[in-house]
Every structure is written in structure tokens, then in C-alpha cells.
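Each remark here refers to the structure printed beneath this line.
The values are calculated or read from the model by the stated rules, or taken from the named source; none is laboratory data. Fair warning: this is a prediction, and the values are worked out from it, not measured in the lab. Don't worry about glycine lacking a Cβ; one is built from the backbone with ideal geometry, like all the others, and counts go over all protein chains shown. What goes into the accessible areas is simple: the full protein's heavy atoms, side chains included, and nothing from ligands, DNA or RNA. Shrake-Rupley method; radii C 1.70, N 1.55, O 1.52, S 1.80 Å.
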Amino acid sequence: MKKHLANANEMKKEKKLMDAITDVPDEMIEEAKEKGGLLPGSEKSPGKIFRYALAFAACLLLIAAGIFSLSRAKLGKSPTENPRLEAARPLMEVSMPPARSFDDWETAMKVREENPVEESFTDSLSSFSYETASALFAGGNENINYSPVSLYYALAMAATGAEGETKEELLSLLGVQDTETLKEQCGNYYRRSYTENEISTQKISNSLWLDTSASWKQSFVENAAENFYASVFSMELGTEEAAQAMSHWIKEQTDGSLSPNLSSGGETALSLINTVLFHDEWIDQFDESKTKPDSFYPSEDSPVTCDFMNRTYDSHGFCVGEGYTRSSLSLKNGSMVFILPDEGVSPRSLIDTPEKMRETFEGGESYYGEVVWQIPKFDFSSSLELGDTLKALGITSAFEETADFSGITDDTVFFSGITQGTHIAVNEEGVDASAFTLIDYAGAAMPQGRADMRLTRPFLYGVTGAGGELVFVGICENPVN
């Protein structure tokens, strides 16, 4: 599947901007080292207390990106003498894990052995996916695409800088008992899941953007670099130049598939950007000559015509549960699961609690037999506000002015909002998806039946990585929209 590429002029402009971001005097870096753990812009006037708000947002397209932001609250931001773009050379350079070719199994096994991911962590990631998705998908009848992995990593980074009740609430939702375990397991999972070769891509990228007038704990930044592979920049935030720089960074990390129009709120003090880029090919690609137009029947609208990919397997696995039929198609580095509700059953009714969602994605009676596939080609984006969902799931302290993020800064900070924007595309070759999160802070068996996976009405889907984790999950209500 061809990756999205910016044209030559755009790339030159982006390079020029990113070069400007990284052009800062060496003495600024040295100054940071001399301040005993505080980063540039960390000097504080005696008795002066800065108040900030943390904000998170996310965006998805089998490429995912997230931004975590800290914004000043109520007191406003002091004017700077130089309001132009003041971006620093990355204060901490990070190197991505070494890439390996698609068929380098020896290196893949070595990476797995050197980066053990505990079963309890993968269980926690699954539970987080089901708990957040079931709450987020409640109500509505529109297409929706969500990246649990992107949100998990954004919240995990925030949790490593939290203390007291704020930390307890975050760790409870993340399903990890302590931040040391969270750091280690996030780092190991990152290295194990990292894939970037001629066939498949599954890459998480992170960056911290620090306002030059605020103070940030060196230990938090070092942890973000070491365990989350976050590049660190220092600049005047809340400006149009800063918004453009971060947008260009997202676009660069997602191969041009995401280019969000970020707002330049004047109160921003820190932004943390997480991106997830995912691309994979079907093991058995669909024959384009068999793609034919047919009718799709949305829940409430009139039938629409769209192109359907077609294939029949004489012997293929499928599961039948209460109200649904589920089957998967293998990707070269993961898989995509499709869940077709029975006639008259709403997709959302199958996932309206975490327990029902787990049953829908993991339960049912398993069979092998003939499976007739008819899958609509679809390509859509979502924009999700996650703040209320997280509050309903017990993340309340982090949104209050009494929030304790003292591991990030000695100033008062709290979440002001969390947004996720997503995009996914499925065609004959495979799957492309991306997301950014902004916290604005094989043999055949005997046939046992037959399954019609004719996805001509609203259905559920999930995209899983090599470890089986849900990288993306969504509902296709109308493939034409």
C-alpha cells in the first residue's frame, strides 16, 4: 500500500520550519544542565506561583498521534519580550529502536526476549481498551474510530509525573499498580511493537514541547525520553508559529497522512504529542477485479451504494455469539477483526459495557467452515472529545486545580481537555490508519458450518498489532460518509 507523501514544495517548507525549530544556541542547552534539574525557562521569581492547565488530544488513521498540553489557568500568561518563534534544538535526542526487515525472525525473537512484557500489562491494556471504548461509543449513529493505544500512552506519560490522588486515579484506569512498573512495561511494549520495514509499520512517536517561561522537572523529561522515546523541544508556546511547528511534526511522523489545524491558545505551557502510525497488508490481498458496487443499509438512513471487496474461503475460522458473528482476516504483522451484528441488533448494544465488549471481541463458539466475505471499502475520520468520558471513568482529580502533577513541575497544573482525532482506510491491499492524541496538558480443519460475513449493514471492527492488542477499534455505520 502506497504511503501518503507530501509534494516537494511542502516538504521544503516543512524542513525549513523544522530547521528553525532546532536552531538554538548551545549555551541554552548548557544553561539547562546547570540549573539542577530544571529546563530552559525554569527560573522562577520569588513567591510567584504559576497556574497551568493540562490538556490532552488524540488523532488516528492506522497512524496515531497525540498531544498533551499544559495551559495556564485564570492568571494568564506574562508577555514575552520576543514573541517570535523561539524553538529549541531537541534538548534530548532519541534514537528509534533499530529497524528490522520483515523476515528477520532472529532479530524479532531477540527483541522479544530482551523486552519482556508481562501478561498483567497486556491484560491491563485490553481492559483499558474495552472500558474506554464502551463508554466512548455509547449513543450516536455515526462512524467512529478510536485508538486505545494512543490514549493509553498519553495518559501513561502524564501518570509518571503525577502524585497523590491524581496518580492513584490514573494508575487505576491504566491498570498498573505503580509508576515504575508502568515506565518499564511501556518501554518494553514500545520496543517489542515497533515495526518499520518494507511491508508493515507500527510506530509510536512522542514529543514534549516546553514553554520557555515555565519550569519542568528534568526527571520527568528524562523518563519521557528513555521509556516513551519522546523528543524534547523548548519554545514559546501559545503562538501561531508553535501550533504550525507541532502540526508539521505530526505530519512528518505520520508520513503526511495527518496534518491537524492546531489552535494557538495563548495559555499553553506544555504540549505532549503522541502519534501512532500503522500500515499493513493483507496476507491474501483482495482481487480488485472482484470488487463490485452493492447496497449498504445504514441504521437510520436510506441505502447507499459503495464498492465491496469479495472473497470466499472454503475453510476459515469464525465465532458465533449472542447477537453477532465474528471473523478475522490476517495482516502480515497483525489482523483485522470484523463483527457483524445479527439483523435488528445495533453494533453499540454489543459493546455498551466493558464486559459485553470483551465477550463480543473474544467470546462466542468457535467454528471452521465456509466464510463468504463482502467488505465495503471505507475511508473516514473521527474527532472525539474524551474529557467527559475519562471523568465518568474516575479521572476527576486530574481535571481540578488541586491536581497533583508535582513530578512534572512545581507549579499548579491540571487537565483542561482531551481530544482525539482519527482516520482509517481499508481497501484491497490492506489497512492504513493514524491517530494523534492531544491532552490540551495454518492448515484447514473439517468444515463445521458456514458464515456470511456480508457487511452490508453497520458493523464493528478492530485492528490488532502483532501482540494481539487493539491498536484501533471502531464502528462503520456508513462507508460512504
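Please count how many residues of region 138-158 are assigned to a loop (DSSP other than H, G, I, E, B) and surrounded by 22 or more Cβ atoms within 10 Å (Cβ to Cβ).
The number of residues fulfilling the criteria is 1.
Being modelled with pLDDT under 95 and touching an Asp or Glu at 6+ places or on another chain (Cβ under 9 Å) is the filter here; which residues of region 348-363 pass it?
none
Identify all residues within region 159-183 that are of a type in the set (S, T, N, Q) and either open to solvent by 10 Å² or more (accessible area, probe 1.4 Å) or closer than 20 Å to A133 by Cβ (or both); write none if there are none. It would help to see each step written out before you state the result.
Just the residues of region 159-183 that are of a type in the set (S, T, N, Q), to begin with: 160, 166, 172, 177, 179, 181.
Matches in region 159-183: T160, S172, Q177, T179, T181.
If you go through region 396-433, how many residues are among the charged types (D, E, K, R) and open to solvent by 20 Å² or more (accessible area, probe 1.4 Å)?
Of region 396-433, the ones among the charged types (D, E, K, R) are 400-401, 404, 410-411, 428-429, 432.
Those still in the list that are open to solvent by 20 Å² or more (accessible area, probe 1.4 Å) too: 400-401, 404, 410, 429.
Residues flagged as among the charged types (D, E, K, R) and open to solvent by 20 Å² or more (accessible area, probe 1.4 Å) within region 396-433 amount to 5.
Specify the residue that is least open to solvent (accessible area, probe 1.4 Å); the eligible residues are those in region 281-303 that are closer than 23 Å to E343 by Cβ and in a loop (DSSP other than H, G, I, E, B).
Filtering region 281-303 down to residues closer than 23 Å to E343 by Cβ leaves 292-303.
Retained after the next criterion (residues that are in a loop (DSSP other than H, G, I, E, B)): 297-303.
Working: Y297: 121, P298: 15, S299: 74, E300: 141, D301: 98, S302: 85, P303: 79 Å².
Looking at residues that are closer than 23 Å to E343 by Cβ and in a loop (DSSP other than H, G, I, E, B), I get P298.
Spot the failing condition for I339; the list is (1) farther than 26 Å from N206 by Cβ; (2) surrounded by fewer than 23 Cβ atoms within 10 Å (Cβ to Cβ), and only one is missed.
For I339, the exception is condition (2).
Assuming S234 fulfils every condition listed in (1) in a strand (DSSP E or B); (2) under 30 Å from V337 (Cβ atoms); (3) more than 22 Å from the chain's Cα centre (by Cα) apart from one, which condition is it?
For S234, the failing item is (2).
Just for region 404-437: of the residues that are closer than 25 Å to A133 by Cα and assigned to a loop (DSSP other than H, G, I, E, B), which one is modelled with the lowest pLDDT?
Of region 404-437, the ones closer than 25 Å to A133 by Cα are 414-427, 430-437.
Filter once more, keeping what is assigned to a loop (DSSP other than H, G, I, E, B): 414, 427.
On the way: F414: 77, N427: 94.
Here the answer is F414.
Residue check: is T275 buried (at least 22 other Cβ atoms within 10 Å of the Cβ) and not in a loop (DSSP other than H, G, I, E, B)? First the steps, then the outcome.
Numbers: buried (at least 22 other Cβ atoms within 10 Å of the Cβ): yes; not in a loop (DSSP other than H, G, I, E, B): yes.
It is true that T275 is buried (at least 22 other Cβ atoms within 10 Å of the Cβ) and not in a loop (DSSP other than H, G, I, E, B).
Quick one: how many residues across region 304-357 are over 22 Å from the mean Cα position of the chain (by Cα) and assigned to a helix (DSSP H, G or I)?
Of the residues in that region, 5 qualify.
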